[in-house]
Amino acid sequence: MEGCVTWSILLLCITVAASAPSQTCDPKESKDDPWVYMSEKSTGCWTSFVRDDKAEVHILKLNFPDPTKNFFELTMKNARPMNLIVTSTDTCYGLNNISADVNIYINVNSSIKLFDNGQNNTHKEAFPTQDAELIEWAKRRFGGVTSFTTIKNLNKISIAGAQGINLGSPPDCKLRIEDASEKHFMQIAVSPSIKSCSLQQGRSSDDPELHIINIPENSSIRNVTVRVEPEKASVFLRGPQGTTWTIISSHFVKIVSNNNIQLTLFPNQIPPGITMNSDNAHEVQRKALEYFPASTFISYSEPISQMSAVHLVLGRRDGTPGTLLTEPPTTTRSPPQMPLVMQLYTSPDYRSPLDPSTKVQSDKRIYAEISGDIIGDIELTIKVINCFVHSKGSCPIVRELPFIPEICSSNSCPKSTRLSFSLDHLQELTTTTWDLECSVQLCHSENCGEGGRVKRNLEVTQPCLQPPTPPCFDFGLPGVLGIAFGGFLIGVLLIGALWFIKIKTGYPTGLDMRSTAASLPGCISRGSANARHKLHRCIMGTSSRATTAE
C-alpha cells in the first residue's frame, strides 16, 4: 500500500512539472514594442543648405524588400516650403497629404505610384538613380541639397513646420552612414522590424531588469549599437560570429555577450564572456536566465533587418524609468565615466573607514581605496595615474600628491585598488579644506582606457606641538671619569706653567720664598720714588744674597 502511495505522489509531481508554464516566450512581430526601438543605419546626409526663396531641398530614397508591405503615406500639410525628390527601385504606392508649398519630384521611369490630394504638385523629371549622381543633379537643378535620407519599409513620414536645415553643418551634402532619427524635423514610422516578447509574470523585486537581444544566424547584421536607458539593467547579447556590439550608456550596466563588446569609455574591445552558437529563442532565453540568476526577463528581442548596421534603444515609451528616446545617440557627448568611490582609512589594515567630516593630521599617513561598479563579469582593473589636492577659496592652490600603491589581492579588494599618501608638504600652508582628486584608467589584460576621476573632500589639521623641555644632563661613569681626568690634566698644566715661570724669571719657590719675605720690610722701609721698581730690585737683590749665602 505504501509503495502505491509513493508511486502516485511521484506521478503527480511529474504531471505538475510537465504542466508548469515554461520560463520562455515566443517572439512575434510588433509595430509598437514597448521596450525596444530599432533604427537602421543607412546612407544619408544633412546640411545647412536653404534656397534664396527659403525653400529646402530633401531627397527620400525608399526601399521595400517585402512586396506585400510597399504602401506608405506622406503627411506634410503644415510643412515649410520644400522641393521633395522621391526615388525607389521598388514598386510602391504612396498617399499624399501635402500643402501647396511642397513640390514632389519623381523619376519619369519610376514605379512609384502617388495619389495626391488634388494639389497637382507632383512632377516627373528624368534624373539619375545612383545616390551620388542624384545629389549632383539636385545641386544643378535646385542649387543644393538640404538632406538625403534612406528609409526601408516606410509606413508613414510626417514633416511639420519645423526647420529642416542642420545648423552649423556645411552646405555641401556628403554621404555617410547615419541614423535617420537624428533628423528631428521628420517623424518616420516603418513596418515592424523586431520580433519581441516579454516574461514578467511573477517577477520579484529582487530579480534584475533583464533584457535579451538575439541576432538570428541568417541575419546580415554585424554591427549593432545598443543605447541602454534603464539605470539598473542586465543585458544579454547574442549574435552570429563576427558581430560587434557598441554600448552607449550614461551609466554602467551589467552586460555579457558571445561576441566582442565595444564600450564608449574603453578604447579596446572586450572579448566574449560566453559561448553560444544557437539562435533558438527558448535556448537563448534559458541561457540568459541562467547567467543572470532570475526567474523572468523584461524583454526579448530579435532585430529583423538586411542592413549590416543597426541602432537599438532599450527603454520604455511611457515615461517610466528607462524612457525610450528617439534622439540621436550620444556619440558627440563625452564618454560616460565609471562610477568611482574613494574611501579613506587611518591604518594599513583598511578596517577603520575615515568619516568625511573627520579632520586628518598632516603628519599622519593616509590609506585610500578606490572602487567602482562592474560590467557583467568583464574583468576590469583600476589603475591610478596621478592625484592632486585643490584648496577651496577665492585663490585656489593645486598641489600634486605623491602616492605609493598598496598591495591588494583580488580576494581582499575585488574591483578596487589601494594606495597611501602623506600630507607633510601641506604643513606650511594655512589652508585646511582640500579636494582630493585622482585620475584612473580601466584596464583589461594589458589594454587600458580612460576611466575618469574620483574626488573626495579632505579636512587637514596641523599636529599639536608640545612645549620644549629643558635639557637634562645625565652623567654616567664615562662622564665622571672624563671630568676627573680633565681636572688632573688641568692641575698638571698649571704646575708646569709655574715651573716654567720660575725657570724664566728666577721667581723663588719653597724656602727661598720665606727668606725673601723676611727681607721685604727692609726693602720697603728704604723708600723710593718708584716703589714698584725698587721693590723689584729689592726682591731680586735679596734673592741673589740668599743664593750666595748658601
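Filtering the stretch 58-73 to residues that are surrounded by 15 or more Cβ atoms within 10 Å (Cβ to Cβ) and assigned to a loop (DSSP other than H, G, I, E, B) leaves PHE64, LYS69, ASN70. In the set (1) touching a helix residue (DSSP H, G or I) at 6+ places or on another chain (Cβ under 9 Å); (2) free of Cβ contacts under 8 Å to residues at least 60 places away in the same chain; (3) open to solvent by 20 Å² or more (accessible area, probe 1.4 Å), ASN166 fails one condition alone, (2).
For the stretch 331-449, give me every one of the strands (runs of 3 or more DSSP E) that falls completely inside it and has 3 or more residues that are modelled with pLDDT of 85 or more.
Strands (runs of 3 or more DSSP E) meeting the threshold: 340-345, 365-372, 381-391, 398-400, 403-406, 416-422, 433-444.
Return only the number of the condition from (1) open to solvent by 60 Å² or more (accessible area, probe 1.4 Å); (2) farther than 19 Å from SER198 by Cβ that GLU290 does not satisfy. Of (1) open to solvent by 60 Å² or more (accessible area, probe 1.4 Å); (2) farther than 19 Å from SER198 by Cβ, only one is false for GLU290: (2). Every listed requirement among (1) under 30 Å from ALA309 (Cα atoms); (2) part of a loop (DSSP other than H, G, I, E, B) is met by GLY94 save one, (2). Of the residues making up the stretch 189-205, at least one is surrounded by 17 or more Cβ atoms within 10 Å (Cβ to Cβ), outside any loop (DSSP other than H, G, I, E, B), touching a Ser or Thr at 6+ places or on another chain (Cβ under 8 Å) and β-branched (Val, Ile, Thr).
Could you list, in sequence order, all residues of the stretch 218-231 that are touching a residue at least 24 places away in the same chain (Cβ under 8 Å) and more than 17 Å from VAL313 (Cβ to Cβ)? Listed by number, the residues that qualify are SER219, SER220, ARG222.
Quick one: is ASN96 open to solvent by less than 10 Å² (accessible area, probe 1.4 Å) and over 24 Å from ASP179 (Cα atoms)? When the stated conditions are applied, ASN96 passes them. Could you go through the stretch 247-266 and let me know if any residue there is assigned to a loop (DSSP other than H, G, I, E, B) and at pLDDT 85 or above. Yes - at least one qualifying residue is present in the stretch 247-266. Cβ-Cβ contacts under 7 Å between residues 6 or more apart (or on different chains), taken from a first residue in the stretch 100-120 that is without any contact (Cβ under 8 Å) to a residue 12 or more places away in the chain to a second residue that is not in a strand (DSSP E or B), are absent. Against the conditions (1) of a type outside the set (Val, Ile, Thr); (2) without any contact (Cβ under 8 Å) to a residue 60 or more places away in the chain; (3) more than 17 Å from ASP207 (Cβ to Cβ), GLY273 satisfies every one except (2).
Filtered by the rule that a residue be of a type outside the set (Ser, Thr, Tyr) and in contact (Cβ under 8 Å) with a residue 24 or more places away in the chain, the stretch 242-259 gives ILE248, HIS251, PHE252, VAL253, LYS254, ILE255, VAL256. Filtered by the rule that a residue be farther than 20 Å from MET276 by Cα and of a type in the set (Gly, Ala, Ser), the stretch 218-239 gives a lone residue, ALA233. Out of ARG238, ARG222, one residue alone is of a type in the set (Lys, Arg), within 23 Å of GLU283 (Cα to Cα) and modelled with pLDDT of 90 or more. It is ARG238.
Tell me yes or no: at least one residue of the stretch 77-88 is in contact (Cβ under 8 Å) with a residue 40 or more places away in the chain, assigned to a loop (DSSP other than H, G, I, E, B) and touching a Lys or Arg at 6+ places or on another chain (Cβ under 8 Å). Yes; the residues of the stretch 77-88 include at least one that is in contact (Cβ under 8 Å) with a residue 40 or more places away in the chain, assigned to a loop (DSSP other than H, G, I, E, B) and touching a Lys or Arg at 6+ places or on another chain (Cβ under 8 Å). Take LEU175 and tell me if it is in contact with a helix residue (DSSP H, G or I) (Cβ under 9 Å, 6 or more places away or on another chain) and surrounded by fewer than 16 Cβ atoms within 10 Å (Cβ to Cβ). So LEU175 fits the description; yes. Residue pairs whose Cβ atoms lie under 6 Å apart, separated by 6 or more positions or on different chains, with the first residue in the stretch 396-418 and surrounded by fewer than 13 Cβ atoms within 10 Å (Cβ to Cβ) and the second assigned to a strand (DSSP E or B), are PRO396/HIS390; VAL398/PHE388; VAL398/HIS390; GLU400/PHE388; ILE404/SER420; PRO405/LEU419. Taking each residue of the stretch 44-57 that is in contact (Cβ under 8 Å) with a residue 60 or more places away in the chain and surrounded by 19 or more Cβ atoms within 10 Å (Cβ to Cβ) and looking for partners that are assigned to a loop (DSSP other than H, G, I, E, B) and among the aromatic types (Phe, Trp, Tyr) with beta-carbon atoms closer than 7 Å, six or more apart or interchain, yields VAL57/PHE49.
Checking the stretch 17-36 against the condition returns a match, with at least one residue being assigned to a strand (DSSP E or B), open to solvent by less than 70 Å² (accessible area, probe 1.4 Å) and either modelled with pLDDT under 80 or among the aliphatic types (A, V, I, L, M) (or both).
One line per residue, one yes/no per condition, for (1) closer than 29 Å to SER48 by Cβ; (2) open to solvent by less than 70 Å² (accessible area, probe 1.4 Å); (3) modelled with pLDDT of 95 or more; (4) of a type in the set (Val, Ile, Thr):
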| residue | (1), (2), (3), (4) |
| --- | --- |
| ASN109 | no, no, no, no |
| LYS113 | no, no, no, no |
| ASN120 | no, no, no, no |
| ILE135 | yes, yes, yes, yes |
| LYS139 | yes, yes, yes, no |
| GLY144 | yes, yes, yes, no |
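Residues of the stretch 293-316 that are in contact with a strand residue (DSSP E or B) (Cβ under 8 Å, 6 or more places away or on another chain), of a type in the set (Ser, Thr, Tyr) and open to solvent by 10 Å² or more (accessible area, probe 1.4 Å): SER308 alone.
The values are calculated or read from the model by the stated rules, or taken from the named source; none is laboratory data. Keep in mind the model is a prediction, meaning the values are calculated, not measured. Neighbour counts are summed over all protein chains in view; Cβ atoms, including those assigned to glycine, are modelled from backbone coordinates with ideal geometry. Accessible surface is based on the protein model in full, side chains and every heavy atom, while ligands, DNA and RNA are left aside. Shrake-Rupley method; radii C 1.70, N 1.55, O 1.52, S 1.80 Å.
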